[in-house]
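For reference, the structure is listed below as structure tokens.
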Amino acid sequence: MWQEKENRLNRSFQFTDFKEAFAFMTKVALVAEKLDHHPHWINEYNKVDIFLSTHSAGNVVTDKDRELARLIDTLYKP
């Protein structure tokens, strides 16, 4: 579940291995590129942590972040 703290939306995603995590990141990257709204993320083996905020709005959470979070959720198939 997404959490809003420190002016950004955060969520951790867990996968069985690195390949699944990387495939998920690739799908997210394609959606983010379409929206022209790119996440900050960290990948360590089978875990992906995503942080969303809108830089052009002063690094706060906006509707763009909520929309990207919603779309990311549709891509996550644990």
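With the whole protein complex present, R8 retains an accessible surface near 80 Å², based on a 1.4 Å probe. Taking all protein chains together and rolling a 1.4 Å probe, E20 ends up with roughly 90 Å² accessible.
Among the lysines of the chain, pairs at least eight places apart or on separate chains and with Cα atoms under 17 Å apart come to 8. In the assembled protein chains, K77 presents an accessible area of approximately 150 Å² (probe radius 1.4 Å). In terms of accessible area, using a 1.4 Å probe and ignoring ligands and nucleic acids, L30, L75, L35 rank largest first as L30, L35, L75. With all protein chains in place and ligands, DNA and RNA left out, the 1.4 Å accessible area ranks V61, V48 as V61, V48, largest first.
Only Cα pairs under 8 Å and 6+ residues apart enter the sum, and on that basis the relative contact order of the chain stands at 36 percent. Surface composition of the chain: carbon and sulfur make up 54 percent of the accessible area, probe 1.4 Å. Entry note, the chain: the mean residue ellipticity at 222 nm calculated from DSSP H runs of n ≥ 4, each adding -39500 (n - 2.57), is -13000 deg cm²/dmol after division by the residues and rounding to the nearest 500.
Accessible area per residue (1.4 Å probe, heavy atoms of protein chains only) ranks M25, M1 as M1, M25, with the largest value leading. The angle between the Cα long axis of helix 63-75 and the main principal axis of the chain comes to about 10°, on a 0 to 90 degree scale.
The values are calculated or read from the model by the stated rules, or taken from the named source; none is laboratory data. Given the structure is predicted, the values throughout are model-derived calculations rather than measurements. Accessible surface is based on the protein model in full, side chains and every heavy atom, while ligands, DNA and RNA are left aside. Shrake-Rupley method; radii C 1.70, N 1.55, O 1.52, S 1.80 Å.
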